[in-house]
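Worksheet: one structure, shown below.
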Amino acid sequence: MKIKTIEYYNKALEWHLNKVDFTKSFSNLTLLVGVSGVGKTQIIKSILNLKRIVNGESLNGVQWDITFESTNNIEYRWKGEFENKGLIGEILDTEDEGSKFRILNECLYKEGNEIAKRDSSKIEFKKKITPKLSPFKSLVEILSEEEDIAPVKEGFEKIIEFDSDVRIETVKERLLKLAKLLENNLENNFLEENIKKSNLPTKLKLAFVYKFLLDDVFHKIKKRFIQIFPQVEDIKIGFDKNKDLEKALESSLFTTFLNGFTFVQIKEKGIDRWIIQQSISSGMFKTLMQISELYLAPEGSVILIDEFENSLGVNCIDVLTEDLLVQHRNLQFIITSHHPYIINNIGMEHWKIVTRRGGIVTVKDAQDFNIGKSRHQAFIQLLNLEAYSEGIAVE
């Protein structure tokens with residue numbers, strides 16, 4: 001999947017993201033820049049909210065319009081709108097059927113042709129009215145088994161929020177599914193592809209790569225990590241390779257097992273004992289996870305990283321920034337930062353400058369402000385740009 005344009009409006013919160021065009025980027029990397037509070041994080045959350053809608057959630061007062069390419073290069077446009085119950089809707093428990101939000105309208109286009117639409121009274125799929133279906137769930141969720149719509153569902157599943165927490169129940173379900181899938185299939189290509197597609201947190205993918213001895217992949221990750229931290233000579237995942245995964249997953253001690261299963265350890269030169277995960281610096285661990293993401297995300301993923309600089313030292317930022325710029329896989333990165341070092345080291349052709357007036361957020365390219373051609377000149381001009389330095393305007 002590759003996001004081309006997005007427009008998003010939360011009517012309950014009166015927060016409106018004007019249409020953002022990602023197609024002007026010179027690569028698959030977009031850096032959202034702007035002062036704190038301008039709306040960079042909310043843009044990331046907006047994209048994640050669309051993934052939630054695809055997975056059947058109903059969101060109060062949300063209206064959206066997104067255009068994207070599926071992994072087989074087919075263009076889709078998906079737009080819709082939920083009813084708005086105002087601020088009270090923001091605190092309702094949507095597990096209660098009576099507190100969910102109805103979809104007022106929705107439309108899905110494939111290569112410019114309408115394939116599904118709904119309004120308050122009916123749903124049409126390929127010009128035919130369907131039986132009455134849930135008014136709270138998106139067409140993409142309801143019709144996800146249809147050939148024309150399955151790639152949409154698949155694409156949104158490849159939106160990855162880096163360094164996010166995942167519910168234990170969800171992880172357990174995905175782990176069990178992957179474990180059963182791999183049980184009798186030990187061909188390396190099969191293992192690697194299904195680990196990438198598993199939609200598990202990166203640290204669990206890394207653990208599976210280690211467990212099934214996919215040495216080529218693990219070696220590449222380890223080699224890159226050691227290039228950044230030359231004092232490290234080895235990495236291992238400290239769990240019992242003979243442990244019965246399925247029994248552990250079904251036990252009441254799953255959380256304990258999960259912690260043991262993802263126990264990263266590193267060995268530094270001149271030190272005999274291994275350093276356990278709790279004693280590894282947050283910057284080193286985050287760096288390892290980010291490198292792993294580059295190798296273990298499935299093709300066509302959209303990787304979202306909010307505040308790229310968090311927990312990273314300058315040595316990590318420099319190399320990881322380079323990795324994002326030169327990676328050769330089919331991955332799209334949308335990252336946020338207000339860190340001068342990062343902004344100065346990522347060319348202005350990747351910048352999207354975020355400004356806000358009241359609840360209306362606008363995103364523009366550096367070229368729209370006639371920022372200079374050299375990197376240093378562009379960075380100085382950005383810092384002096386009124387739209388950047390005073391990015392939040394009030395009426």
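Some points to look at:
- Relative contact order [Cα under 8 Å, 6+ residues apart], the range 287-349, whole percent: 44 percent
- In sequence order, calculated HN-Hα J values of the range 199-211 (Karplus, 6.51, -1.76, 1.60; Hz; x Gly/Pro): 6, 8, x, 4, 5, 6, 4, 4, 5, 5, 4, 5, 4
- Kirkwood hydrodynamic radius of the range 298-378, from inverse mean 1/r over distinct Cα pairs, in Å: 14.2 Å
- Inter-probe distance in nm under a simple model that places probes 7 Å from Cα toward Cβ, at Lys19 and Ser311: 3.9 nm
- Label-point separation, Ala387 to Thr41 (7 Å along Cα→Cβ), nm: 2.5 nm
- Dipole magnitude (debye, nearest 20) for the range 291-351, charges at Cβ of Lys, Arg, Asp, Glu: 80 debye
- Spatially proximal lysines relative to Lys11 (Cα-Cα < 17 Å; intrachain offsets below 8 disregarded): Lys19, Lys45, Lys79, Lys85, Lys100
Bear in mind these aren't lab numbers, they're just calculated from the coordinates by the rules spelled out. Because the structure is a prediction, the values reported are computed rather than measured. Cβ coordinates were reconstructed from backbone atoms using ideal geometry, including for glycine residues, and neighbour counts include every protein chain displayed.
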